[in-house]
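Readers should treat all values here as calculations from the given coordinates under stated rules, not as data from a laboratory. Since we're looking at a predicted model, the values are computed, not measured. Backbone-built Cβ (ideal geometry, glycine too); neighbour counts: all protein chains shown.
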Amino acid sequence: MLLRQLNTHESEVHTVMSQHTIRHRAPVKFSTLTRLVSSAVLLSASTGFAVEPASLSELSDPGTLRSTPVTDLVVQAPSVLASASYSEMKNLADTIDQVYASERVQVAALSYDELKHLQRFYNMIDVGQEQRRSIVAAWLREVPDLQALAFSQQTWLLGELDPSASAEVIVTLKKAVLSQLVPSTVERLGQRELASAVRALAPHLEESEKTSLRQMLGQRWASQIASKPAFSLTDAREAAQLRSWQEIFDLLGDYEADSSQYIAHLPEYLAKMTVTELYWRFRYEYVELLAQPIRTQEGRDALFELASQGDLRQDLMQVLSSSYRQSGNVKQWHHQLDESIADTTLTPDRRAQWMIAKAYSLGLTDDTHHPTPLVGQPLLRDAMGLAERDETRLACLRQMVVNDLAYFLFEDARTELAQYGSGLGQTSAESIKQIEAMIVMVEHIVGQLDAIENQE
């Protein structure tokens with residue numbers, strides 16, 4: 001049945017593809033297209049909306065627009081806008097602005113959900129943000145009681161307002177949101193809700209308001225990391241929580257919470273990582289999230305002491321490097337590492353371990369999503385030549401392989417495992433076990449990517 005519907009609406013596939021490509025400047029998967037079209041088909045069936053949408057010229061007529069349910073605009077958008085010129089879209093946007101921003105009766109009749117539908121429609125009209133924001137502001141002027149709106153609705157509305165909107169509207173809505181951000185309410189809100197609220201509030205806050213909000217949310221943050229031994233970042237929910245906290249403090253400014261308990265549990269937590277999680281354990285974004293709770297120099301010093309007991313714990317050293325990057329003191333950290341590397345009183349293995357730590361840190365950039373791990377590859381090869389013990393050389397090899405994987409250089413990873421692993425594999429059963437684990441890791445990732453490609 002669904003296939004027949006999709007065949008019937010083949011033209012809609014092309015219009016959705018055209019619209020998607022225009023908006024995102026990237027290829028779109030056919031599976032994505034079929035989901036989009038089937039959703040439109042099902043929505044059409046449930047709402048009684050006609051398959052043939054109104055033309056753009058018809059919708060640009062104020063009379064037709066007034067009689068068209070807002071929810072239908074979203075369904076019609078791909079077909080109506082796919083081949084429209086900029087001037088035609090601008091004309092349609094002006095008509096919607098006239099009907100919904102200028103005519104008070106019309107905008108007052110919109111429910112909150114209908115306003116969001118109208119916003120979605122404006123997202124598809126590539127003529128800028130001005131009209132959409134003016135309609136939100138017009139709707140807010142007609143709403144008698146903001147307190148009757150849910151907290152999430154208030155934050156969405158504030159986020160849709162441009163800073164140049166009416167000061168009265170901004171102040172009123174900002175007060176409504178802030179009035180609900182009190183300790184008792186904050187305890188019940190999730191991190192994503194808090195991040196959405198801070199994102200909406202940030203452009204409109206005075207410095208004193210930022211400070212007050214930072215202190216209140218910082219206490220919630222400190223309480224959370226003190227009560228949780230460690231965050232499981234292979235758990236999507238917990239990773240999302242940390243990302244939300246990171247966004248909150250990026251917007252409001254750092255809050256230095258006591259992270260001593262969190263740091264004390266990190267070695268045990270990381271030691272429990274399984275072989276299949278090894279790749280994710282060394283991904284830069286993953287380590288950046290692990291470093292998020294460590295916001296003070298005292299915390300970094302405590303982590304350094306843990307990491308440097310016995311052989312350097314490279315996983316902890318990587319978290320430490322990210323913490324220095326987040327604090328803006330990565331150059332200070334590099335200087336400290338260089339001093340240890342140059343210390344000839346240390347054993348060759350100890351110096352090689354410091355080189356491994358420096359190689360990772362060199363790959364850190366201000367953009368956490370675009371690290372440059374291969375920058376440290378030459379230093380890792382030097383460390384491999386300097387190291388005398390299998391344990392240190394295995395740590396070098398592991399980081400070299402992970403750096404290759406960051407760029408999907410699977411053949412390079414296989415070559416390095418064959419080149420360096422053959423010598424190490426003759427030394428001990430433990431070395432053989434670790435090399436085999438790295439081979440499994442590489443092939444597991446290759447298999448995952450192949451499976452994804454075969455599904456498309």
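The table below lists the values:
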| quantity | calculated |
| --- | --- |
| Above-threshold pairs, the threshold being 28 Å between Cα atoms, out of Lys358/Lys433; Lys272/Lys331; Lys116/Lys175 | Lys272/Lys331 |
| Spin-label model distance (nm) - Arg66 vs Arg237, 7 Å beyond Cα toward Cβ | 5.0 |
| Estimated inter-spin distance, Ser422 and Val105, nm [label 7 Å along Cα→Cβ] | 8.7 |
| Relative packing of peptides 176-188, 347-359 - highest average C-beta neighbours within 10 Å first | 347-359, 176-188 |
| Rh by Kirkwood over Cα pairs, then Stokes-Einstein D for the range 300-413 at 0.692 mPa s and 37 °C, µm²/s | 232 |
| FRET efficiency estimate (nearest 0.05) - Cβ-Cβ, Asp338 to Glu206, R0 35 angstrom | 0.20 |
| Per-residue Cβ neighbour rank within 10 angstrom, fewest leading, Phe121, Phe304 | Phe304, Phe121 |
| R0 of 30 Å, Cβ-Cβ distance Tyr112-Ala167: FRET efficiency to nearest 0.05 | 0.85 |
| Pair Asp145, Glu187: separation of 7 Å Cα→Cβ label points (nm) | 2.8 |
